[in-house]
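Engineer: Sharing a structure, written as structure tokens. Questions coming.
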Amino acid sequence: MRRQIKDSVVVITGASSGIGRAAALLFAQRGANLVVAARRGEALEEVARHCERMGSPRALAVPTDVTQEQEVNELARRAREEFGRIDVWVNDAGVYIQGRMEAVPMEDFRRVIETNLFGYIHGARAVVPIFRNQGRGVLINVGSMVSKIPSPYGVPYVISKFGVLGLSDSLRQELLDTPDVHVCTVMPEAVDTPLFQNAANYTGKAIKALTPTLDPTTVASAILSCAEAPQREIVVGKMARTEMFMRTFAPGMVDRQMAAQVASDHYQNRPSGPTEGNLFRSGPFPARVSGGWKRGQQDGISLLAALGLAGGLAATGYLAWRLLRTSDGNGGGQQRRRSQRGFEAWSGPQRQEEEQPLRGGLSTGPVS
């Protein structure tokens, strides 16, 4: 049975820009009451007014720093005080960072995890007791493609998004005794938001969004879908779904393909000095849904990604055929062991290769 969005009460963190803002507007169009949260109070008030113009009966702006547990608890309290309940809670607040692991200042490393992972933990701890008391509710955690497919030069971000998936999966098991409380994870590929303009950057090169780049409303639609009909996971984007499937059979190949794509497609041909971006304070880029990355970008995927995926699908199909062939009982355990050793020999040695420098070279430390 689909849940009704009209007149429901939806809390969204990270709602001042990007996916969170797009989701707030989409819920507003469907007649939901909104509680929008982010650090930028003025931008939040603008979002709240826009939501009410779009059809929300009531939209409340609550400035919130999700790294502070007491502020997230206050967000939940304000929502219940205003509306009497919470039906949907969307954890979306997030920050981004790029740089070799040893080049990223430790305080920045911690801040990414405090925002992207502990911010979600604070949200879950605030709302799950409310959901338990109500006997119903939907928690939606916005992860990323890198929740399952790691990428280089963003170790803190990847750790945080792997953690988000673990949070969802573990919490879902804890809530098995409350069958109408649901935990969902939405994992998109790169999205056209201001995330990249506001990123912390210690690479020496300006950052851009990877290709392909999703429209934020596409991800917002997946969030709305989870609110209506909860699903444990939604992967948004063809490339993300394909690479997740491929990595099941050929992790080494997918790792190399992802590293090559980041090196060739994630950086602009201009230098950039070291910056902490919006980790500790609101970023300079305007609070809006789009980051402007899709302008002039053709739909589809980059040539490098397309070639990698085509080759990967062929290799994955062959490996799947080999694995099925050796597990159908013909040839017995010895043949299965030989096939397993062959698979390891195919994907293993690449893990031992020395790391290749990025095309154009990345700084190994802060740029002076």
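Only the coordinates and a few stated rules stand behind these numbers; no lab work does. Not measured: the values here are computed from a predicted model. Cβ: placed from backbone, ideal geometry, glycine included. Neighbour counts: every protein chain shown.
Engineer: For Ser225 and Glu52 in one chain, what is 0.36 nm times their gap in residues minus the Cα-Cα distance, to one decimal in nm? Mind dumping the intermediate values first?
Structural biologist: Numbers: separation 173, 0.36 × 173 = 62.28 nm, distance 2.11 nm.
Answer, rounded to one decimal: 60.2 nm.
Engineer: Once you place label points 7 Å from the Cα toward the Cβ at Asp169 and Met1, how far apart are they in nm?
Structural biologist: Rounded to a tenth, the inter-label distance reads 3.2 nm.
Engineer: Give the shape of segment 206-270 as rounded, prolate or oblate, defined through the alpha-carbon gyration tensor: a ≥ b ≥ c are the square roots of its eigenvalues, a/c under 1.5 means rounded, and otherwise the shape is prolate if a/b is larger than b/c and oblate if not.
Structural biologist: Working: a/c = 4.03, a/b = 1.38, b/c = 2.92.
It comes out oblate by the Cα gyration axes.
Engineer: Between Lys238 and Asn133, what is the FRET efficiency for a Förster distance of 41 Å, r being their Cβ-Cβ separation, to the nearest 0.05? Don't skip to the end; give the middle numbers.
Structural biologist: Values: r = 40 Å, r/R0 = 0.99.
That gives a FRET efficiency of 0.50.
Engineer: To continue, here is another question. How large, in Å, is segment 134-276 by the Kirkwood hydrodynamic radius built from its alpha-carbon pairs?
Structural biologist: Values: mean 1/r = 0.0609 Å⁻¹.
The answer is 16.4 Å.
Engineer: For segment 9-310, just run the numbers: alpha carbon Rg, then divide by 2.2 N^0.38 Å, N being how many residues it has. Show your work: numbers first, answer last.
Structural biologist: Details: Rg = 18.4 Å, N = 302, 2.2 N^0.38 = 19.3 Å.
Ratio of Rg to 2.2 N^0.38 Å for segment 9-310: 0.95.
Engineer: Okay, next question. If you take the beta carbon distance between Met106 and Gln70 as r and set R0 to 30 Å, what does 1/(1 + (r/R0)^6) give as a FRET efficiency, to the nearest 0.05?
Structural biologist: Values: r = 25 Å, r/R0 = 0.82.
My answer for the efficiency is 0.75.
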